[in-house]
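I have placed the structure first, in the form of structure tokens, so that the comments after it can refer back to it.
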Amino acid sequence: MSINSLNPLKARFFSAWGFFSRGILIIAIYVILHLIGLREYTSFISGTTSGGAGDLLGITYFIAYSLAVFVAPVAIIAALFMKISARYAGVED
Amino acid sequence: MLKKFFSCRVCRGITSLLLSALIWLPNAHRLFDQPESNYIAQSGIAPNAMAIAGRHIKFWTDPELRKAELEKMRSRNAEWDFMARCFFVWSLANMGLRDPALTETVLPVMDSIIDTTISLEEQNGIHFFLMPYSRRAEFELQPARSIFIDGEIALMLGLRRLLAEKPEYQKLHRERIEIMLQRMEQSPVLCAESYPDESWLFCNSVALAAIKVGDYLDGTDHSEFFARWLKSAKESLIDKESGLLVSSFDFAGKTVFDGPEGSTIWLVAHCLKLIDPAFAEEQYRLATKHLKTSMGYFGYAYEWPGGIGHDDVDSGPIIPLLNLSAGSTGLAFVGAATFDDREYLAALYRSLELGAFPVYDANGVKYCGSNTVGDAVLLYSMAQGPAWEKIMKGRPADEH
């Protein structure tokens, strides 16, 4: 396995590592945004807008959060199915 | 055949994604499920209600924090500053009734908010708590007053008195009731103006509740007025298509400005429960029929029946695609809690944990996706119950 294939951005999309690494990457991005305090900016949802940049940060957080909750776990579980189905078909992942 | 299918990388990938989506998506809600007892307690106060109240008490007793929070509200909508005060005082009254040990803690906070609010109204006039368009025309009834301000202040005074009588507040409460009744009587549909030539059912139903609280406390009887009001509302203020009460109309009650709205009807049903429980429940059921919705296990509410309509500064934005209205969804908590709609409440609480972005700290909890008025409404939905129950039960003397 080359170093490039371990890079989440360069790994093949339809591969166990491709799914798994992207899932982890999404969660990592969300955790970073959370730790730097972007959760505060989600007040745009209720119309308590702080204005342009604040709203943009809130929307960025909202998207990362939605992906981390609904998409990343799907990708991570899919990685497991990918492994199992490749083994079943007798092919390399 | 299956081996051949799985030897294709893309086929394997798509199948894996579909299978895992089938497993994850129907179960994702479990991350956000909390026991109902965290929000609603049969007796005493639920932990989440205490956490919201803790944070509010902190900022109402810290001038700097209060200033920052209220300025944030006022920069968007002065009404939100006012309503945050009212919903919080109404909540504290209910919390005191739920747990008498809290009474000594909540009374000074309630009094401080009531006194500051009345003093701001006296110093700056009614427009201080209204949106700028309140100055664009003259009120039909002079001198200019808004039933939005009178009704909510009267209900703050009334619920404070319900928790513990205070003679100064009795006088202020009675004065507001007399003013409201006198102005409501002058309207053909018995509804006073919130804004110039614009009457809102939200404000008039809060006024009715404040009058009813006054009847309970002072032994007055406005049942004849309530009966006339209900008859008039059923004849003139019902939307023919949905059967729901409309939201706003002119002083004469001839022109409807806004039909049924979520940010109005949930609270109207809550207030009308004091006057006519059967009619209130019918309005709640119709509101759920037209406004209640969900995305999977996550419940929320539309602002307009069927989710079709615009957003406004009154009720906040509507999230595109989902047509989720934060204003309507916030007040749906109050409606669902009032009518003990556990299924809808569970779905709403799940959405609260998913999409309102709670942050817990030493002071309590705040919902980042919400704001001060939103949090106060949430708190009210968790605390409400004992005040209405007490009034509906009637005074011991009335039972004989």
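Only residues that are within 14 Å of chain A (Cβ to nearest Cβ) and either among the basic types (Lys, Arg) or not in a helix (DSSP H, G or I) (or both) were counted across segment B:330-350, and they come to 1. Once segment B:315-329 is narrowed to residues that are in a loop (DSSP other than H, G, I, E, B) and surrounded by fewer than 21 Cβ atoms within 10 Å (Cβ to Cβ), the residue that is farthest from the other protein chains (Cβ to nearest Cβ) is B:Asn323. Considering only segment A:79-89, state which residues are at the interface with chain B (Cβ under 7 Å from one of its Cβ atoms) and more than 22 Å from A:Ile24 (Cα to Cα). Those that are at the interface with chain B (Cβ under 7 Å from one of its Cβ atoms) and more than 22 Å from A:Ile24 (Cα to Cα): A:Tyr88, A:Ala89. Candidates B:Phe139, B:Phe82, B:Phe59: the one that is in contact with a Pro (Cβ under 9 Å, 6 or more places away or on another chain) and either part of a helix (DSSP H, G or I) or within 30 Å of B:Gln182 (Cα to Cα) (or both) is B:Phe139. Screening B:Glu353 on (1) surrounded by fewer than 23 Cβ atoms within 10 Å (Cβ to Cβ); (2) charged (D, E, K, R); (3) not in a helix (DSSP H, G or I) shows it passes everything except condition (3). Taken together, A:Gly37, A:Gly47 contain a single residue that is farther than 28 Å from B:Arg12 by Cβ, touching a strand residue (DSSP E or B) at 6+ places or on another chain (Cβ under 9 Å) and not hydrophobic (A, V, I, L, M, F, W, C), which is A:Gly47.
Among the residues making up segment B:1-49, those that are among the hydroxyl-bearing types (Ser, Thr, Tyr) and either more than 8 Å from chain A (Cβ to nearest Cβ) or in a helix (DSSP H, G or I) (or both) are B:Thr15, B:Ser16, B:Ser20, B:Ser37, B:Tyr39, B:Ser43. Residue pairs whose Cβ atoms lie under 9 Å apart, separated by 6 or more positions or on different chains, with the first residue in segment B:90-116 and within 13 Å of B:Ala383 (Cα to Cα) and the second among the aromatic types (Phe, Trp, Tyr), are B:Trp90/B:Tyr380; B:Ser91/B:Tyr380; B:Asn94/B:Tyr380; B:Asn94/B:Trp388.
Could you please let me know if B:Arg74 is at pLDDT 90 or above, part of a helix (DSSP H, G or I) and either within 19 Å of the chain's Cα centre (by Cα) or at the interface with chain A (Cβ under 9 Å from one of its Cβ atoms) (or both)? Here the answer is no, as B:Arg74 does not meet what is asked.
Test B:Tyr360 against the criterion of being assigned to a strand (DSSP E or B), surrounded by fewer than 19 Cβ atoms within 10 Å (Cβ to Cβ), within 14 Å of chain A (Cβ to nearest Cβ) and not hydrophobic (A, V, I, L, M, F, W, C), and give yes or no. So B:Tyr360 passes the test. So which residues in segment A:45-68 are among the hydrophobic types (A, V, I, L, M, F, W, C) and either surrounded by fewer than 18 Cβ atoms within 10 Å (Cβ to Cβ) or more than 8 Å from chain B (Cβ to nearest Cβ) (or both)? A:Ala53, A:Leu56, A:Leu57, A:Ile59, A:Phe62, A:Ile63, A:Ala64, A:Leu67, A:Ala68 - these are the residues of segment A:45-68 that are among the hydrophobic types (A, V, I, L, M, F, W, C) and either surrounded by fewer than 18 Cβ atoms within 10 Å (Cβ to Cβ) or more than 8 Å from chain B (Cβ to nearest Cβ) (or both). Among the criteria (1) polar (S, T, N, Q); (2) surrounded by fewer than 15 Cβ atoms within 10 Å (Cβ to Cβ); (3) modelled with pLDDT of 95 or more, the one B:Ser43 does not fulfil is (3). Taken together, B:Ile153, B:Ile177, B:Ile114, B:Ile118 contain a single residue that is within 28 Å of B:Pro317 (Cα to Cα) and part of a helix (DSSP H, G or I), which is B:Ile153.
The values are calculated or read from the model by the stated rules, or taken from the named source; none is laboratory data. The shown structure was predicted, so the numbers you read here are calculated from the model rather than taken from an experiment. Cβ: placed from backbone, ideal geometry, glycine included. Neighbour counts: every protein chain shown.
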